Structure formats: structure tokens, C-alpha cells
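A.B. asks: Have a look at this one.
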Amino acid sequence: MTESNISSFLYNINRYSKTNFDCFYAHIIDDLYQNDGTFIRTNYLTPFCQRPLLNESMNKDLTSKEGYVKNRINFSSLRSQGITSEQLLKWSISIDIIEEYAIYLIENDPKLGEIIFLNCSSLWFGSHCQYTFGSNIEIESFGDFLVSSFNNRQKYPSGLTINTCYPHLFGCFRGPKPMCLDWREICNGIIDCIGDNFGIDEKYCDELEMNECKEDEYRCHNGAQCIPLEFFRDGWTSKDCLDGTDEEETFTNGPEFDDTSTLNCIKMLTFPCEERSCRYPRSFPCGDGECLNSELINDHFKGVLCSGTRRNINYAYSIYKTLNHLPDDCQKLILHKFGLYKPSTNEKEDYSSENWLLLNNCSMDNISFPAYPIFNGYFQVIYSTKSLINDSFSNAPPDYVCNDPRQCLHLPKATIQIGGLDCRPFNQVVEESYIMDLYDLHSILDSLMDICSLMGNINKYTSNSSLFYCQSSQRYISKHRLIDSFVDCYHEEDEKYQNSCLLNDTQRFLCQSKQICISPIGITMFSGDCRDEYISLTKPKSSLLAFLCNFIPEVREENGDDDETNCEWWQCNNPYTRCDNIFHCANGIDEFDCPNSYCNINEFKCIIDDSIDYLCISQANIYEKPINCSKHNDDEIICRKLFYSANLINEKNKYLSWKEKTCLTHNDICGQQSLNNQHLICNPVKKPIAYLCERLIWDINNNKPLCALQLDDPIFRYDRFFSKFNLGYFPSIINQTSLSSQKHINMKITTKVSMNTSIELIEYCNRGILIYEGKSYKKKCLCPPNYFGDQCQWQSQRVSLTLQIRPMGSIDKKNSIYHIFIYLIDDEYKIIHYYEQINYIPSIDCQTKFNRYLLYPTRPKNVKHNYSIHIDIFDKITLNYYGSWYLSIPFPFLPVNRLSTQLIIPYEKSEFSKNCSLECGIHGKCFYYINSPKSFCKCDQEYSGHFCHLKHECSCSPNSICLNSSICLCPLNKFGSKCFLQHTSCQSDNPCQNNGQCIPINDRINKKGFICLCNEGYMGLNCEYKSNRIDITFRTDVIPSVIFAHWIIAFDDRSYQRITTFKKVPFDQYSVTLFVKESFNILFIEYLNNSYLTVLREEFIPLDDISIDINIDNMCVNVSKLLNSTIFNYNYLHRIKYYQFPCIENLKLKCFYDEKHMCICDKNRYSNCFDYNHNMIYNCRGYNYCQNNGRCFQDNATCPTTTMCMCEKCYYGNKCQFNTKGFSLSLDAIFGYHIKPFISFFKQSKSVKITATLTIIMFITGFISGILSILIFRKKFSMMVGCGIYLLTTSITSLLTITIFTIKYWQLIFFQMNLITNRSFLYMNCLLIDMLLKIFLSSVDWLNACVAIERAITSLQGIKFNKLKSRYIAKRVIPIIFSLAILTYIHDPISRQLFDDEDEQRTWCIVNYSFQLKIFDRFINLFHFLTPFIINVLSSLIIIIKVFKTRTKTQKKVKNTTLFYVQIKRHKHLIIAPCILILLALPRLIISFLSKCMESTRDPWLFLFGYYISFVPLLLIFVVFVLPSKKYKEEFLILIRKKPRTTQ
């Protein structure tokens, strides 16, 4: 985009302000990568508008202001030419006019067709082409243009005069012009408003001192804010407190001069400067965010300036100019006294001669300076004219020092009043009176200024638990000011306080050496031990292993061991000794092959005669002679002598070869036999003989020095962190692909705009942007929201809001997109006075802080109204409402209300409350805020108001949401104030490759820009690159359902970064794939409380596809299993020095761990250990939505995109809301996961095919059995007794049941394969099928029980059995059975629902009982199963016992055993049926009681067996009841015989 269409950035008017129009939006991004590896981004979208004092009406005739116009045209003409609104975006037309044209194209209103607009010439823009920036530069974005404009100001350090004022404290007199009040001077602890409205700038400010914050908040030091604790010390560019005390300050000129941080406010117009007051007491605000720590005149003489505004110099000059009211001769006297010259246009007068005194005609008796008591903030000094004349060339002090009687109440009592001021003789109130110039006067008055500012209070206080009373200083201060390194009480009671650690302030730093707890703001000002402790605690800590065996004791344990004892088995060449320019190994092997080496591999740099010339000496050519160490004391330093030879014949091993001795040991050097196996451990040489004195290498041939080994300055190891050196590559690299373009992934090339604007033009708009109006090039200013006026000279009342939005993670989808509206409303009428919008994409914006301004509706704001902030969030894809937050605006007396907060997006959207106290009428619903117990009415479209009682017309486009009469929520593909303009960037061909999702950028940032949300496995600005792929196959006995991936990223200059993600393992698979976009060095996979080393990459390889099997060899082993008990029981510091052994002795070992460390076996089999937290807790930041004790996990602890519940045994579902407990389980829960969606039946698993075959066999068997049974039991002789009726009903029911079961099975197959997707059909089947199966199964059991009962009664009654009565009973019992079954299972369909599993892409039919229904359901299932079972058992026993007893009486001579077998055989038809039913029921009974639930879907076979066996009795009706019975069998044979005759 060039200057010719800069107008498409222009918005004509903000409809919620009558004094803001013609706005450009500046989009600025600040990125900060911190030392701890964290990343913070701040996002600004700031409107720069014309903001005049009086409204310049948009309807005002602008013809006279027109600039250069290309052509004039009306809408109807445009339409006839076929020009679209999208094409107009390339023209020099404002957005609002383009949208009006889009509306005209849709509505075809003739009135709109007559609208004439101007197509501006190049470089001109505006509704009448009235504006130009006055340059020929190309502007791609207004934000870049703004940044370049302010960068241009750096060309004039301390040369710009910027003077902005706060006008809304009426009656405040700050001093002589151009002195005026800056908003930062309100509630700064100093009275800046003098005169009639004395002290109004400090009115109500006592409320800040007494303000307290919640436990999870940080209290900004001035008390004006409470910010989330997470914002504390999160990055110096992100100052969330108005006073900046949430971040440490970096001094540029030292604390005695100013508190200017590394932020350079001369070039910045962002929150850290513009929305920042002074950090320290009694500071002078420069007006742009910088502050001077001492008073303005003192700094003026020191040469310390407000570099971006010169405010302190201008104010100092304005104080001098107060002498202008004096007669000329009187001015000369006082100016001469201060060593100054008279400020006039005349040439400087020479006051060095005493002759001028004779000519001085000052008629005044006394001369006061300055005209107001503002010197040092409080004073006015008075000289007598006589003393000025007599002591003009001496160091005589003033006669009096005076102050306002309402201040400095603790100074000695005034002796005189002069001009309404309390005055005291100067020599009586100051000890020193040596005054040669104005600087001396200022310095001497410092002591009085301290009394005035540090004795007593400006406001009246009463005792409060938040306050501390300085007894001697008679002053109340906040307890948070205690021990903050700044004296707040004159007698220093605040800094001498002894009980600072009892203040219950968690942010204080405990200094152990002094036993004091220091305020966070004060620790940076401390020196000595406390400062050292703080640095030691807060700086990233090196690994403990970096301190071991380096000859410097640094870590000590209670038993006397330290890091330098027991080093016999510590490796000298390890990742922490490598390349630190120190020979830890005797032959220097730890310094081989280092980065930035001057020489080749295995060579040392050797300096010749202390010059810059050097040799590269090969290790193979270095020798040394063994030393007789016995001649030396143990502590005596022994110098080793090195020799060089290229062709030495080493006879009798006279010399030690550095090459041949891979590990040069102490014994080698001393000529003794080595004890250690040098192939295992090469330990450091003992200290006394470790020295290579002068590091000289001698020529072995002439015994003269050849050169000296030279290493650079040592790299101190306490700055060493986890090292990736020598990690190696596991699994090995197969195809290493290197693409130069890979380096540019996610990088956009931006062009910088070069500016060269003069001082005069910069100063004209102060902190605004200059534009020109009309052909006369009249100067106009575009002001940011914090300024207004025709030259941006006035400071606004405003709310400066910082939002960090954090998702809890989506349960069902990853690429969420939200639209957020921020409203400034008045609490009484809920009227929206100002609003801002944010498009929020969690996967991109999670680490972003959004900084936005909210302006009050009037200037000044109406103090009678209370305001608050209401924030709505919508799903941008569906436009569904998601929830709302409420933010109160405390301390309405402050000119700037700085709010910084964190918004947490919950897992699920808010639901309206039925128990709300608000009456929202028929056009609204009551909701509760996400972050507050307050409620509000959310109105339907076309309604608004506190109670949704006001109707308004909606002007939004179709398919958009009308939030009120002028605020529209646009669909993703539309923009504009009324959503009539189309985003074209994502409309035609998707610019996002590989099916990436294209998201248009906010139109106020870029009209054609877009963002690609890439699918898993792809990355890049357009998703054009493949991510690194890691395929993991599990070769372990137990396949996990979820794995945790711990990614380790090593850095050279700071601690490693650990990122933990999770991944679900599909239940029917034994592998999982991870995709990686960011570089990493180590990957651990954790599951079932074990960690497995999965990937090692010494250097990250882009586009690296990795395949790895995880087996027992990958598992990290506890060190207790690798060390013998003696070594393991050593104290920790002693034990860790043996950690080289596990890797050396166990060649298959890849990693091991202890309670503090994780250790990797590198490619040389050395142990590389680093600190590792084995007990990291990812509990979704305390928001656990999982049910039934499920554990909540997020795929990223800070910025989750998805959230998962890890369920306890027996539970499943995305919230663990479903369980597999209970007597009867549905086939869905038992077997559903084994059916793969979107795969044909023939490609399904074996288990599916086996169960399908079994189901078909059961159906065929059951169908034949059912038909035959019906044909037999419907015979007349069968129906003569109730038993026959029961059996006929059982046969019919069994046939229906097995048919429904078969339908159930195949429906489940089709549903889970997604062959049937009709939701209504799915829902009806969900409600009915399982209930019918339960009813019929229970009915069959009861019918069988009835058969058993009747047969038992028959055996008991014999010939007395009444057949008619049994038939009568049967006809009435059967309906009762079915009715009972229906009534007892009616709760089942009521509790059923369809559940969409996004992860598995399935729809489930699930049942979710309440606690009471669970108990009832279990009881009913047990009742329907156990009661018939018990009846069958008892009936069988009764029949057997009765028959046995009867025959025993009649046949007494027959043996009981023989008789028993005979009777069993004779009455087998009565006995076999109940016995078979009992046997079939037993497995089901055992499974139900022995197994509480199905613990895993991976192992369903036991429950599947139990489920299928429950249908077996239905298949065996014929076998159980027909075949054992002689009569039924005969009928069956007759039936068979009749069949052929029937067919003939």
C-alpha cells in the first residue's frame, strides 16, 4: 500500500465522542525475550484523531479546506461502471464512505446514489481531500509511520521543548507560565497547586495509602493499583503499575540523578512511558514518562535534563522570569547575587565592576525570589536591598526564608509574616550559610525541604490497620513503605523498623544476613549482603555439577564435605568443564575442539615471545617428564615442564606423551602406576601438581622455550547451565535436510520509513502527529487518546487498560477465535460511552498484553457518575455469546485510571441464570460475570438498557449481530462499523496451504492482511512447511492412554527451558505422532510414573522426521538401582561424584535420575546431569473441571489450547463424567471404542469381525430356537397350564430380544463408522434400544422364574395341582412382569443423551445418572437378576428334594444313591431347565461382583463375555425347555413329521 491510498486507514468519526474525528489507528507490537526464556508481547491499537477543544462539526462546510482532488463522482455512477466496494479500498477514500457505498449496492436506495464523494489525488486524503502528511514517503501502515516519526525525535536529544498540561483540576495554580500541572503530579505526595486552591492536587489521596490488595495480587507501591501477581516482574517493557514498581528499574545515570530506565521515552508513545507516573518520592515528572529523582533546579545545574521535553529547564527559567515584575535595577541586584544574567534581548551587562552599584537605583527595601513559594517546592527567600548592595561580592545568605503557612508546620515558629507567608530568619533555620550562587541556595534548603515533606501529613489520617505511624515524625505512611530504601519519615522510623517480616507481605525479600524483609521497590537500591543475597536468589542458578572438583570450595554440607572432597572418581572432561579456558584435565583434553578456536582439532594455541604471533601445537608433539613427587610436601606447588618434539624416539618411556596417555593421571605425572582405569574415568589432577608454571613449552632439542600455551580469559563455571555438549543424536539421523528458507519461517520483512522532520514541526503537535489541511497547508494535529487540543497540548482524563487473556483450554477444539468488546459504561444507566474491540486467537495471542485506551464521554468527566468496564467475549466463528467480565474503576479522583488485569476464558460458555435477582424482562436474560458475583441483563438484538426495556433500530448487515444501535459484531469475513464490507484476503483461493485456516486481520490494522492457523504437522506464515515429526511406537507391556512429552531446550547463557505437552494415544493403536515447530534438544515421554528418553538432538535439525520405539531400554532408572548401597547412602554431595559410573557400567542405559536431577548418558558414556522437577503439577491452574476425581491437564501450562481429563479407573468421557460401574453395561461403553470411524467394515479390527460373526450366529440360533419354541408352545396341550403360557411368552420375547440385540449391534457398528449420522434417528435409538433390551431380558428372567415356580408347585401338589387356576394366574402375572420391568427402567431413557466426542470424532449414546439414580439403578438391576436366579435355585432344590423324598417312602429297599439317579433321570425335564439357567447366570453374577467396573476400553473381553452370555438363555429356550421334556419332544417330532406332508 502506498501513500495514494493512505485514506483507507482513515475512519471519519468515533460515534461515542463529539470531539474526536478523522482517526488513524496505529498498530504497534513490542516483543521481549527475557533471560529466563519467557516471551512477552504488548499489543497497541491506538486511534490518532483530531481532538479539538470545541467540536468541529463534520457537517461544517469543508469546501474551503479542500486539497487536491482527482475527480468527483456519485454512487450511482460508480455502480453503473461496475465498481465494487472492495475495489474502492484501493482508492483514496475513507472507510466510512466505502461502507456507505457497500450499503447502497445492497439496498439500492436512490438517495444514497446521489451521494458525491471525492477521489483524492496522490498524497491527499479525507472526506474532502483536505489532509496530507506533506511528504512523498510511502506508508505501509500508520503504526510504522508513527514509530518512525517518534524515532526521528532522537536526532534532537534535549533539544525539543514539549509542554503538555492537565487542565481538569480547576483552580489549580502550578506557578508562572509556562508552568502547569502534569497529571503525574496529582497524588505524588507534594503539593503542586498553590494559591487559592492550595493542595487540591493531593485531595483524597490518603485513600491510596490505605488501599490493600488480595493475596493473589501485587500492590503497586503508590497504592493506586492491584495487579495480578503473575504480572509482577514479568518484563521491563511491560510496566503494569502506573508507578512502574512491578518491574525492576535499570539506571542509566545512577540513582542519584534520575530513575530513567532503558526505555527511551523521547521516541516512545506507548504505555511504559505515557501511562507511567514517577517511581520514587519527590521526583520531577518530565511529562513524557521520564522522571528526575531530585528537584528541577538542582538537576538543571547538574546538567541533568528531561531529554525529550526540557520541562525542568523551562520550569527553572519560568521561576527566574518571576523577577520580571521587579524594577530593572532590583533585578540586577538579585541576578548578580545568583551569578545569573538578566534575561533580556540586550547584550549581557558586565557586573564584574563595582561601579554599577553606584548606578543602581533599586527603590525596594526587600527583594523576594521567586515571586511564589515554589523554590525547592516550598520556599521563597527574601534579601534586603541593603544586604545585596553591601554583600554583593560575598557569600552572604538571604535575610529570610518563607513558606505558605499551610505547609511546613513542623519548622520552627515563624517570626514574621511577609506577603501572607510565614518567614523565619535564614541563619536561624539553616546551619550553613555559604551561598555563592543559586545551586548553593538550593542545596542548603534541602534540609528544610526534608522537614516539610517528611514531617506530618498533607491529608488528615485516622489510625488504620494499613498504616504505620512514625511517632517522632508525626506522620502516617502505608505499611508498604516500610524498609523500601527511601526515607518516608524525617527521623527514618520507616527504615529502622524492626518487624518488617511480620507484615504478612509475600512480595518482600527476606534478607537472611540482616533478618529484615525488604520491599520489592527497595531491594534494587540496597547494597552489601542483602543485595548479594537477592542477586544470588533471583539470578538463574547453574547446575550443582558445574561446581564439583574445580579446586574452589563453593558448596558445603553439614558433615564437612564440600564440592572439592572425594573427587577420585569425578570426570575431568565433562560438559561443565568443556571449553572454559581452564585445563581441568592434565593434558588439556577438556579444551579440545572448542568453538572459536584458533587452531585445528587436537591442537593448542601457543604464543611466541608474548607477541601476537602464535603456533598451533599438536597434542601428539607434547611431552613432559615424570616428577618425583615424594620430594615435595603435599601442599607444595609443583611445576610441570612441557616439551615439544615432532619426531621424538621415546626410549625407556623417559617422557610422558600427551597423545598416548589419553588420560594423564596424578600417578602418571609422579612416575607411579595408575590406579584408575583411564578408559573409565579421567579424574582431575590433584591441586599441588596441577600447575603448568608459565605454561612454557620447551624445544626438546635445544632446551629453549619455544612458546607458551595461551588460553583466553576463564569462563567462570557458576554461569554454566545445562550443556548440550556431546549429547549426541538418538535415534540416529537418517536424512538431514537443511533448508536456508527454514530460517525465515514466521518472519515478515518490513521496510523502515525514514523521517527527517524539523524541531519546529515536531514541537508544534507536542506528542502528536502533524498533518496539513487544505492547499494553504494549515497545520493540524492528530492526537492519541491521552492528549487533546489543536496542538495536543492538553492531557486527557482516561482509563488505560492492559488485558492479558488466557484460555483455560478448549475441551472440544483447538483453533478457537474470539471477538472481545470492551465497554466503558456508567453504572447507573448502563450506557456505553466508549468501546474498543480485540480479535483474540489463543494459539497466537496468549502471551500478548493488549493495551487500550478508554475515554470518558465529556471533558472533564462527570464526577457525579460512577464508571466501570464491561467486557463481552463472543465466538468469532459462530458469533455465539461466550461470557462477560466486570472491572471496577477505583479512585475516580485520579486523572488516569490504570487497570491491568488477566481475563481467564473458562472451558465452557456462560449460561443464563434462572435464580438471578435482576428482572430482565422478556427481551433479556440474566447472566453472572465470569470474575464477579455481580449479575447483569444481556439483551436480545434490538434491545438495550439496564433491564433490556429500550428498543432500538439495528443498522448492522445481515448475518451480523447487533449489540446496540451502533455496535455490530461482524462475521469472520466482514468488517466495517456496520459489517457491510467484505474481507477479500481469504475469500478466493485459500492462501493458507495444507488446509490451514485463513483468518482476516483486524481491518484497523490491515485491510488485506490475514493469519494462517495451521493444522497439526504444518507451520510457516502460510502453513507451507512441514513440522518436525516424531513417530513413537510403544513396545511395553502396558500401552498408555495418555503420554506427557517433556521438551528440554538448552541455552548457553541461561537455564534450560522445559515445555510439557500431552497427547492422547488412540485406544486401538500402539503408536502416537508428535509434531514439533520449535527447536529442542531432549524429549522425555512420561507415562505411568515412568520417564523414557525418546529423542536426543545435540543440535536441532529442521524438517527432521524421527521414528522411535519405546521399550524398557528407554526407561530412565532410579539411581538407587544403579549404585551399590554403600555409595547410595553417602551424603548427596559425596554420592553425586559417582554418577559417572552408571553410564559407563551399563552400556544400554540411556538415562537415570535421583530426587533432584535427571542424567543423560552422552555419546562418550559420560553422565550429563541437570536439575529436573519430577513432581510438576499441571492442574489447570486450579480450575479443575474434571468430575469423579479426574485430573486436569493442559497441553501447555501457560498458554493451553486444549485441556484433557485423565480419568480414574472405571470412568471415561471428556470430563470423566461417565462410568463403567454397575451391574449392567451398555455395549457402547464396552465395545464402542473398538470400532474405527471412517473405515470400512472389512478394514476393522479382528475383534469387530469376531463379534460380528458371533452376533450373526447368535441371531440365527436364537431365531430358529424362537420359531420352533413358539410352534411347540402354542399347541393346545401346552396352553392347558400356566407353564405353557409362560414358555410361549418367553419364546416370543426371546425372539424379539435377540432381534433387537442384533439391530443394536449393527446400529452401533454403523453409528461408530459414521455411516448413519441422522441425529434424530440416533437420539431415538439411544432412548429406546437399551431400555427395550433391559425390559425384555428382565422379563425373560422373570418368566423363566415363573416356570420354575409353577413346576415346583406342581411337584409339591402333585394330582392336586389346579391347571385352570395356574392359567388364570399366568395371564395376570405376565402383564404384571412387563409392567414392572417397564416401570423400573423408565428412568433409563430419561437419563440418556447423545455426546459428541471431538477427539475421537464419534457420537456416543451415554447415560448419566444422578447419585440417587445410580443407587436405584444398581438395586433394580440386582433385583431383576438375583430374584429370578434365587427362585430358579430354590425351585430346583424343591423339585429334587420333593421327588427324592416321595420315592424314598415308596421304595425303601432301593439304595438312596440309586434312587436319586433314577429320579433325576425321570424328572430331568423339570430339573435341567433351572439348572442350565443357573449355570448360564453364574458367570454374569461372578463378573458383576468380582469386577467393580471395566477399568480400560483396551481390555473389554471379560465384560464383553458377560454381556454376550446374558443373551445365551434366549438362544436355548428350545434346548432348555423342549428337548429335556418327553412330551414337548414328541410334539417337536410330530411337528417335523407333519412338515413334509404339508408341503406335498
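The values are calculated or read from the model by the stated rules, or taken from the named source; none is laboratory data. Owing to the predicted nature of the structure, the values given are computational and were not obtained by experimental measurement. Virtual Cβ from ideal backbone geometry, glycine too; neighbours counted across all protein chains shown. Note: areas computed on protein heavy atoms with side chains; ligands, DNA, RNA excluded. Shrake-Rupley method; radii C 1.70, N 1.55, O 1.52, S 1.80 Å.
A.B. asks: Relative to the longest principal axis of the chain, what angle (0 to 90°, nearest 10) does the C-alpha long axis of helix 1319-1357 take?
C.D. replies: Relative to the chain, helix 1319-1357 is tipped by roughly 40 degrees.
A.B. asks: Which three numbers, in whole Å and largest first, are the semi-axes of the equivalent ellipsoid of the range 189-233 derived from its Cα gyration tensor as √(5λ)? Let's see the in-between values first.
C.D. replies: On the way: eigenvalues 178, 19, 6 Å².
Square roots of five times the eigenvalues give 30, 10, 6 Å.
A.B. asks: While we're here: May I ask you to work out the translational diffusion coefficient for the range 1219-1318 at 20 °C, viscosity 1.002 mPa s, via Stokes-Einstein with Rh from the Kirkwood sum over Cα pairs, reported in whole µm²/s?
C.D. replies: Values: Rh = 15.6 Å.
In µm²/s, the coefficient rounds to 137.
A.B. asks: Next question, about the same structure. Rounded if a/c is under 1.5, else prolate if a/b beats b/c, else oblate: with a ≥ b ≥ c from the C-alpha gyration tensor eigenvalues square-rooted, which is the range 948-1011?
C.D. replies: Details: a/c = 3.21, a/b = 2.67, b/c = 1.20.
Verdict is prolate for the range 948-1011.
A.B. asks: Now for a separate question. Is it possible to state the helix-based mean residue ellipticity at 222 nm for the chain, with each DSSP H run of 4+ residues giving -39500 (n - 2.57), the sum divided by total residues, to the nearest 500 deg cm²/dmol? What is it? If you can, show how the numbers build up before the last one.
C.D. replies: Numbers: 34 runs with 375 residues, N = 1544.
Counting only the DSSP helices, I get -7500 deg cm²/dmol.
A.B. asks: Still on this model: Over the chain, what is the relative contact order in percent, taking alpha-carbon pairs closer than 8 angstrom and at least six residues apart? Write out the running numbers ahead of the final one.
C.D. replies: On the way: 2918 pairs, mean separation 113.9, N = 1544.
Contact order relative to length: 7 percent.
A.B. asks: Dividing the convex hull volume of the alpha carbon atoms of the chain by its residue count, what do you get in Å³ per residue? Please list the in-between numbers first.
C.D. replies: Working: hull volume 502.0 nm³, N = 1544.
Each residue corresponds to 325 Å³ of Cα convex hull volume.
A.B. asks: Over all directions, average the projected area of the Cα convex hull of the range 40-180 and note it in nm².
C.D. replies: Details: hull surface 57.9 nm².
Mean projected area for the range 40-180: 14.5 nm², to one decimal.
A.B. asks: How much accessible area does residue 828 have with a 1.4 Å probe, in Å² rounded to the nearest 10?
C.D. replies: 110 Å²
A.B. asks: Another question, then. For the range 1174-1213, just run the numbers: alpha carbon Rg, then divide by 2.2 N^0.38 Å, N being how many residues it has. If you can, show how the numbers build up before the last one.
C.D. replies: Values: Rg = 10.3 Å, N = 40, 2.2 N^0.38 = 8.9 Å.
Output field value: 1.15.
A.B. asks: Which Rg and Dmax, in Å, describe the Cα atoms of the range 464-576?
C.D. replies: 20.6, 66
A.B. asks: Let me ask something else. Starting from the Cα gyration tensor of the range 1273-1381, take the square roots of the eigenvalues, sort them a ≥ b ≥ c, and report rounded, prolate or oblate (rounded when a/c is under 1.5, otherwise prolate if a/b is larger than b/c, else oblate). Don't skip to the end; give the middle numbers.
C.D. replies: Details: a/c = 3.74, a/b = 3.17, b/c = 1.18.
Cα axes put the range 1273-1381 in the prolate bin.
A.B. asks: Compute the accessible area per residue over the chain, keeping the other protein chains in place, probe 1.4 Å, unit Å².
C.D. replies: Values: 71590 Å² over 1544 residues.
Normalised by residue count, the accessible surface of the chain is 46 Å².
A.B. asks: Also, I was wondering about something else. Regarding the range 1314-1378, what is the average projected area of its C-alpha convex hull, in nm²?
C.D. replies: Its Cα hull, projected and averaged over all orientations, spans 5.9 nm².
A.B. asks: Using the C-alpha gyration tensor of the range 1160-1294, what are the square roots of 5 times its eigenvalues, in whole angstrom, with the largest one first?
C.D. replies: Details: eigenvalues 635, 93, 36 Å².
So the three semi-axes of the range 1160-1294 are 56, 22, 13 Å.
A.B. asks: What percent of all Cα-Cα pairs in the range 1007-1163 falls in each 10 Å bin, counting up from 0?
C.D. replies: All Cα pairs, binned at 10 Å, distribute as 9, 33, 33, 17, 6, 2, 1, 0 percent.
A.B. asks: Starting from the range 963-1024, pick out the trypsin sites (Lys or Arg not before Pro) whose DSSP state is loop and whose Cβ has at most 16 other Cβ atoms within 10 Å.
C.D. replies: Counting only loop positions with at most 16 other Cβ atoms within 10 Å, the trypsin sites (Lys or Arg not before Pro) in the range 963-1024 are 1008.
A.B. asks: At most 12 other Cβ atoms within 10 Å and a DSSP loop assignment: could you name the trypsin sites (Lys or Arg not before Pro) in the range 202-234 that fit?
C.D. replies: Values: sites: 203, 214, 219, 233; in loops: 203, 214, 233.
Loop-located and lightly packed - 214.
A.B. asks: Mind checking the angle between helix 1456-1466 and the chain's longest principal axis? C-alpha axes, 0 to 90 degrees, to the nearest 10.
C.D. replies: The helix 1456-1466 is inclined about 80 degrees to the chain.
A.B. asks: Let me ask something else. Just the Kirkwood number for the range 1148-1234, please: inverse of mean 1/r across all distinct Cα pairs, in Å, one decimal. Before the final figure, lay out each step's value.
C.D. replies: On the way: mean 1/r = 0.0613 Å⁻¹.
So the Kirkwood estimate lands at 16.3 Å.
A.B. asks: Next question, about the same structure. Order of 612-618, 572-578, 1164-1170 by packing, highest average Cβ count within 10 Å first? Each step should come with its number before you reach the end.
C.D. replies: Values: 612-618: 14.3, 572-578: 23.9, 1164-1170: 21.3.
Ranking the peptides 612-618, 572-578, 1164-1170 by packing returns 572-578, 1164-1170, 612-618.
A.B. asks: A follow-up question, please. Any idea what the relative contact order of the range 751-904 is, in percent, if you count C-alpha pairs under 8 Å spaced at least 6 apart? Walk me through the numbers before you get to the answer.
C.D. replies: Values: 285 pairs, mean separation 36.4, N = 154.
Taking the mean separation of contacting Cα pairs over the length of the range 751-904, I get 24 percent.
A.B. asks: So which trypsin sites (Lys or Arg not before Pro) in the range 1225-1307 end up in coil per DSSP with only 15 or fewer other C-beta atoms within 10 Å?
C.D. replies: The qualifying sites are 1274, 1276.
A.B. asks: Full extension from residue 527 to residue 1419: what is 0.36 nm times the residue separation minus their Cα-Cα distance, to one decimal in nm?
C.D. replies: 313.7 nm
A.B. asks: Among the DSSP beta bridges whose two residues both lie in the chain, what percent are antiparallel, rounded to the nearest 5?
C.D. replies: Numbers: 175 of 202 bridges.
Around 85 percent of the beta bridges assigned by DSSP in the chain are antiparallel ones.
A.B. asks: Once the range 770-850 is represented by equal point scatterers at the alpha-carbon sites, with solvent omitted, what log10 I(q)/I(0) does the Debye formula produce at q = 0.10 Å⁻¹?
C.D. replies: Debye curve over Cα of the range 770-850, log10 I(q)/I(0) at q = 0.10 Å⁻¹: -0.47.
A.B. asks: Please report, as a whole percent, how much of the solvent-accessible surface of the chain comes from carbon and sulfur atoms (probe radius 1.4 Å). Kindly include the intermediate steps, with their values, before the conclusion.
C.D. replies: Working: 37730 of 71590 Å².
It is 53 percent, rounded to a whole number.
A.B. asks: From Cα coordinates alone, what are the radius of gyration and Dmax values for the range 1038-1088 in angstrom?
C.D. replies: 12.9, 44
A.B. asks: OK, next. Binning at 10 angstrom from zero up to the longest distance, how are the C-alpha pair distances of the range 1356-1404 distributed in percent?
C.D. replies: Bin by bin from 0 Å, the calculated values are 19, 22, 20, 16, 11, 8, 3.
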